[in-house]
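Sharing a structure here in structure tokens format.
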Amino acid sequence: MIVIRHPQIGAPQLVARATGAHIVNAGDGKHQHPTQALLDLYTIKEEFGRVQALHVAIVGDVLHSRVARSLIQALALMGAHVTLVGPPALLPRGIESMGCETSTDIAAIGAADVVYVLRMQRERMQEGANYVPSLREYAARWGVTPERLRPGQKVMHPGPMNRGVEIDPRVADHADALIETQVRAGLVTRMAVLYDLLVGAPAPVRVGDPVEVA
């Protein structure tokens, strides 16, 4: 049994304070995306038979990613090793406190079992801020290409993808990509979450209470 404690921020917590209904966080700004983390854990477990002791490299715009925050938390709870890779400006200060390490060198993905690619969250970036010189330079320095992967590494992406920017089309369409598997896992995982809320324990979950995930 895993106990995940979510911070008291974002729209789901606001709604929970105003209603007694069960609230499912389906993605909250750049704060959290717990159902994405659950489906990603499911995908990894189905592929490897375990999550514990695996090395997952998360590459890209971590600063603005709700997916990254939930996934780091979930992987750490499951005993996986997490490395964040990206431009210095897109790696949040102090994020190592969540149980991960950071690197600005794309070569760091070479040691990972799973390379998890994030897109540039341009819609959440402060106007006028220069996080990277250009998308072309970002692709050249941090894009995930076949040349930067070793045989057998699995690649994941939460979508939508920017082909040719954070991920090379040859990587996205390769047999070692688990992206379509993630999409299928999202359907069953979110069905399970809704089912658990509809027929599970009758006691209401209060804001601040731990959320138990089997």
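The values are calculated or read from the model by the stated rules, or taken from the named source; none is laboratory data. Predicted model only: the values in this text are computed from it and were never measured. So basically every Cβ, Gly included, is an ideal-geometry build from the backbone, and we count neighbours across all protein chains shown.
Please tell me if Glu137 is free of Cβ contacts under 8 Å to residues at least 12 places away in the same chain, loosely packed, with under 15 Cβ neighbours inside 10 Å, outside any strand (DSSP E or B) and of a type in the set (D, E, K, R).
yes
Looking at this structure, is Pro92 over 19 Å from Thr43 (Cα atoms) and surrounded by 15 or more Cβ atoms within 10 Å (Cβ to Cβ)?
Answer is yes for this residue.
Looking at (1) of a type in the set (S, T, N, Q); (2) surrounded by fewer than 22 Cβ atoms within 10 Å (Cβ to Cβ); (3) touching a Gly at 6+ places or on another chain (Cβ under 9 Å), find the lone condition where Gln36 falls short.
Evaluating Gln36 over (1) of a type in the set (S, T, N, Q); (2) surrounded by fewer than 22 Cβ atoms within 10 Å (Cβ to Cβ); (3) touching a Gly at 6+ places or on another chain (Cβ under 9 Å) leaves (2) as the failure.
Collect the residues in region 140-153 that are buried (at least 22 other Cβ atoms within 10 Å of the Cβ) and either aliphatic (A, V, I, L, M) or in a strand (DSSP E or B) (or both), keeping them in residue-number order.
Result: Val144, single match.
Kindly evaluate Val171 against the criterion of being touching a strand residue (DSSP E or B) at 6+ places or on another chain (Cβ under 7 Å) and assigned to a strand (DSSP E or B).
Judged against the criteria, Val171 is not a match.
For region 75-89, how many residues are loosely packed, with under 15 Cβ neighbours inside 10 Å and touching a Leu at 6+ places or on another chain (Cβ under 9 Å)?
Residues in region 75-89 being loosely packed, with under 15 Cβ neighbours inside 10 Å and touching a Leu at 6+ places or on another chain (Cβ under 9 Å): 2 in total.
Quick check on Val132: is it modelled with pLDDT of 95 or more, more than 18 Å from Leu41 (Cβ to Cβ) and among the β-branched types (Val, Ile, Thr)? Steps first, please.
On the way: modelled with pLDDT of 95 or more: no; more than 18 Å from Leu41 (Cβ to Cβ): yes; among the β-branched types (Val, Ile, Thr): yes.
Here the answer is no, as Val132 does not meet what is asked.
Please find, within region 129-148, the residue that is farthest from Val171 (Cα to Cα) out of those that are among the hydroxyl-bearing types (Ser, Thr, Tyr) and under 23 Å from the mean Cα position of the chain (by Cα). Quick ask: steps written out before the conclusion?
Taking region 129-148 and keeping what is among the hydroxyl-bearing types (Ser, Thr, Tyr), we get 131, 134, 138, 145.
Of the ones still in play, those that are also under 23 Å from the mean Cα position of the chain (by Cα) are 131, 138, 145.
Values: Tyr131: 25, Tyr138: 17, Thr145: 6 Å.
Across region 129-148, the extreme among qualifying residues is Tyr131.
Please go through region 154-187 and give me each residue that is polar (S, T, N, Q) and either surrounded by 20 or more Cβ atoms within 10 Å (Cβ to Cβ) or in contact with a Cys (Cβ under 8 Å, 6 or more places away or on another chain) (or both), ordered by number.
Within region 154-187, just Gln182 meets the criteria.
Specify which of the listed residues (Val51, Val67, Val114, Val59) is in contact with a Leu (Cβ under 7 Å, 6 or more places away or on another chain), in contact (Cβ under 8 Å) with a residue 12 or more places away in the chain, more than 25 Å from Arg163 (Cβ to Cβ) and of a type in the set (A, V, I, L, M, F, W, C).
Working: Val67 fails: more than 25 Å from Arg163 (Cβ to Cβ); Val114 fails: more than 25 Å from Arg163 (Cβ to Cβ); Val59 fails: more than 25 Å from Arg163 (Cβ to Cβ).
None of the other options fit; the residue is Val51.
Could you check how many residues of region 79-94 are part of a strand (DSSP E or B) and at pLDDT below 95?
Qualifying residue count for the region: 0.
Search region 99-129 for residues being surrounded by 17 or more Cβ atoms within 10 Å (Cβ to Cβ) and among the polar types (S, T, N, Q), and hand back the single one that is modelled with the highest pLDDT.
My answer is Thr102.
When you look at Arg190, is it free of Cβ contacts under 8 Å to residues at least 60 places away in the same chain and either surrounded by fewer than 20 Cβ atoms within 10 Å (Cβ to Cβ) or of a type in the set (Gly, Ala, Ser) (or both), yes or no?
Values: free of Cβ contacts under 8 Å to residues at least 60 places away in the same chain: no; either surrounded by fewer than 20 Cβ atoms within 10 Å (Cβ to Cβ) or of a type in the set (Gly, Ala, Ser) (or both): yes.
When the stated conditions are applied, Arg190 does not pass them.
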